[in-house]
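Down below is the structure, laid out as structure tokens.
The values are calculated or read from the model by the stated rules, or taken from the named source; none is laboratory data. Computed from a prediction, not measured in an experiment: that's the story for all the values here. Note: ideal-geometry Cβ built from the backbone for every residue, glycine included; neighbour counts use all protein chains shown. The protein model used for the area step is the full one, side chains on, heavy atoms only, and it has no ligands, DNA or RNA in it. Shrake-Rupley method; radii C 1.70, N 1.55, O 1.52, S 1.80 Å.
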Amino acid sequence: MPFIELLPISGAAVSVVDQRGLQVSVAASDDVAARLEELQFDLGEGPQFDCVRSGKPVLVSDVNDALGIPWPMFQRGASSLAVGAIFTLPLRMGAVTVGAVTLHRERPGPLTGQELLEATTLAAAITGVAVERAFHAIYRDEDDETVHHPGIRRDVHQATGMILVQLDISATEAFARLQARAFSMGTSVQAVALDVLEHRLDFSDLPD
Amino acid sequence: MIETTREAQLSAAFAKIAKTLTTDFDLVDLLQTLAEECAAILDVDAAGIMLVDSTGELQLIVSTSEEASLVEVMALNAGSGPCVDCFTTGEPVTVGDIANSGGRWPEFAQESARTGYKSFHATPLRLRNRVIGVLNLFGTEVGALNDQDIAVAQTLSDVSAIGLLQEPNIADTMIIARQLQQAINARILIEQAKGVVAQLTKVPMTDAFSLLRAYAREHDMTLKAASQAAIDRDVTATALDELRAKAEGSDAQ
């Protein structure tokens, strides 16, 4: 990925999002980058949401500065991954923000003005490819999805459909229950979704 | 009294549009605001905005409702309706009674009748001397917009068009962005519906998809519509079981 070669960062992840912030993961350079994206998907909070909402870069130069970071759950998760700084840049098409690229490194500290400019230019340059890959991810067979390339996270949405029947609630509520379960068990939404899909977990058996 | 309310509404609309033009400018926001304000202030029931893309086709960018009926009427309108006349002449087009519009736009009239829209007004979106799109207003009652309403629609459109100055290929990029959003939404909907079907029938996920598709065919629906019905719980386990029995019956033969 060009970001890693040209900038003082350790990893990058690119994803495309819909208005509700549901991602299509396009690429991740390493496990930490993939996990940072998954964390935000699981928690429904983090710099990516703010970046997509505002269309502006969200720069977190010190992840360990718990008081200065507006996403408490994400902050805990990110610092436990030994991440020092996270820089999230919007992918824009015309006036529309279609996704974000998330850069991370162990060392805290801001990007210089020049580095930020380079990162912004790179983000603009990869937007077309990112959108193209997202379309592929949406239409291709589910067998191509893996933990490292979760694509549109089909298993999470399938599990959401099962849970909404199990509890007779809306899809939005079902997804929230899935997120809450993952959070309370200290695991990922993906892992809970797999338990549901493989019939190890039925939400109608859980106490309210 | 009515005049004052009207004036207040108008200045509020201008303020809203001006705000989207200055703070965190976002074109989709701006156009959505324009459509919604027009639908709220003017005597119309639905509004949609089309912009011309680089191939010269009019493309639907925003509408006050994503209902299939409105989207379909708008699409037809872009091909062979009064919207095209407005776009090519650069002049507003008012159709007070679509059903009695003298057979000028037969397909548009037919689709409008089917979906319940009875009157229509098109306002050109003009940028300098170019027409770059059309604001479409639909009413469910017969009757032309009065001159004052027409002037309001034009003024709001002219103000909004300023926002289009900065992006020459805006329609193309926005169409891709919009298609991407729709593709993501449709895919998520289908995956959720597969989950619903799998839970209701206890079939494996791969069979759930075939069953969902069979249900869509049986009911002459799109896969997306069938998926929405499944998520809304309008698809019963019994209906699915019957479909499954039918499929197994035909396999056995």
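Residue-level check: of (1) more than 8 Å from chain A (Cβ to nearest Cβ); (2) within 23 Å of B:Val235 (Cβ to Cβ); (3) open to solvent by 10 Å² or more (accessible area, probe 1.4 Å), B:Asn185 misses just (1). For B:Ile150, the requirement of being among the aliphatic types (A, V, I, L, M), open to solvent by 10 Å² or more (accessible area, probe 1.4 Å) and within 14 Å of chain A (Cβ to nearest Cβ) is not met. Taking (1) within 14 Å of chain B (Cβ to nearest Cβ); (2) more than 25 Å from B:Gln182 (Cβ to Cβ) in turn, A:Ser10 satisfies each apart from (1).
Would region B:63-81 turn up any residue that is part of a strand (DSSP E or B), buried (at least 21 other Cβ atoms within 10 Å of the Cβ) and in contact with a strand residue (DSSP E or B) (Cβ under 6 Å, 6 or more places away or on another chain)?
yes
Checking B:Ala229, B:Ala216 one by one, the residue that is among the aliphatic types (A, V, I, L, M) and either away from every other protein chain (no Cβ under 14 Å) or in contact with a Gly (Cβ under 7 Å, 6 or more places away or on another chain) (or both) is B:Ala216 and no other. Evaluated against (1) surrounded by 21 or more Cβ atoms within 10 Å (Cβ to Cβ); (2) within 14 Å of chain B (Cβ to nearest Cβ); (3) in contact with a Leu (Cβ under 9 Å, 6 or more places away or on another chain), A:Leu91 falls short on exactly one condition, (3).
For region B:200-214, the tally of residues that are of a type outside the set (D, E, K, R) and open to solvent by 20 Å² or more (accessible area, probe 1.4 Å) stands at 7. Taking the stated definitions as given, is A:Asp42 surrounded by 21 or more Cβ atoms within 10 Å (Cβ to Cβ) and among the charged types (D, E, K, R)? Against the criterion (surrounded by 21 or more Cβ atoms within 10 Å (Cβ to Cβ) and among the charged types (D, E, K, R)), A:Asp42 qualifies. Evaluate the following for A:Val156: is it closer than 20 Å to A:Val16 by Cβ, at pLDDT below 95 and within 13 Å of chain B (Cβ to nearest Cβ)? Considered against the rule, which asks whether it is closer than 20 Å to A:Val16 by Cβ, at pLDDT below 95 and within 13 Å of chain B (Cβ to nearest Cβ), A:Val156 comes out as yes.
Residue count for region A:94-116 under the criterion of being outside any helix (DSSP H, G or I), more than 14 Å from chain B (Cβ to nearest Cβ) and either among the hydroxyl-bearing types (Ser, Thr, Tyr) or surrounded by fewer than 19 Cβ atoms within 10 Å (Cβ to Cβ) (or both): the result is 7. Restricting A:Ala119, A:Ala125 to those that are part of a helix (DSSP H, G or I) and surrounded by 21 or more Cβ atoms within 10 Å (Cβ to Cβ) reduces the list to A:Ala119.
Within region B:26-37, residues that are at pLDDT 80 or above sit with their Cβ atoms under 6 Å from residues that are of a type in the set (Lys, Arg) and surrounded by fewer than 22 Cβ atoms within 10 Å (Cβ to Cβ), at 6+ positions apart or across chains, in these pairs: B:Thr33/B:Lys16. Inside region B:202-239, residues that are in a helix (DSSP H, G or I) and basic (Lys, Arg) make up a count of 3. Is region A:72-84 home to any residue that is part of a strand (DSSP E or B) and either surrounded by 21 or more Cβ atoms within 10 Å (Cβ to Cβ) or assigned by TED's automatic domain parsing to the domain that holds A:Gly186 (or both)? Among the residues of region A:72-84, not one is part of a strand (DSSP E or B) and either surrounded by 21 or more Cβ atoms within 10 Å (Cβ to Cβ) or assigned by TED's automatic domain parsing to the domain that holds A:Gly186 (or both), which makes the answer no. Of the numbered criteria (1) surrounded by fewer than 13 Cβ atoms within 10 Å (Cβ to Cβ); (2) in contact with an Asp or Glu (Cβ under 7 Å, 6 or more places away or on another chain), the one B:Leu156 fails is (1). Scanning region B:171-182 for residues that are touching a Leu at 6+ places or on another chain (Cβ under 8 Å) and at the interface with another protein chain (Cβ under 7 Å from one of its Cβ atoms) yields a single hit, B:Met174.
Residues in region A:8-37 that are surrounded by fewer than 23 Cβ atoms within 10 Å (Cβ to Cβ) and modelled with pLDDT under 90: A:Asp18, A:Gln19, A:Arg20, A:Gly21, A:Leu22, A:Ala27.
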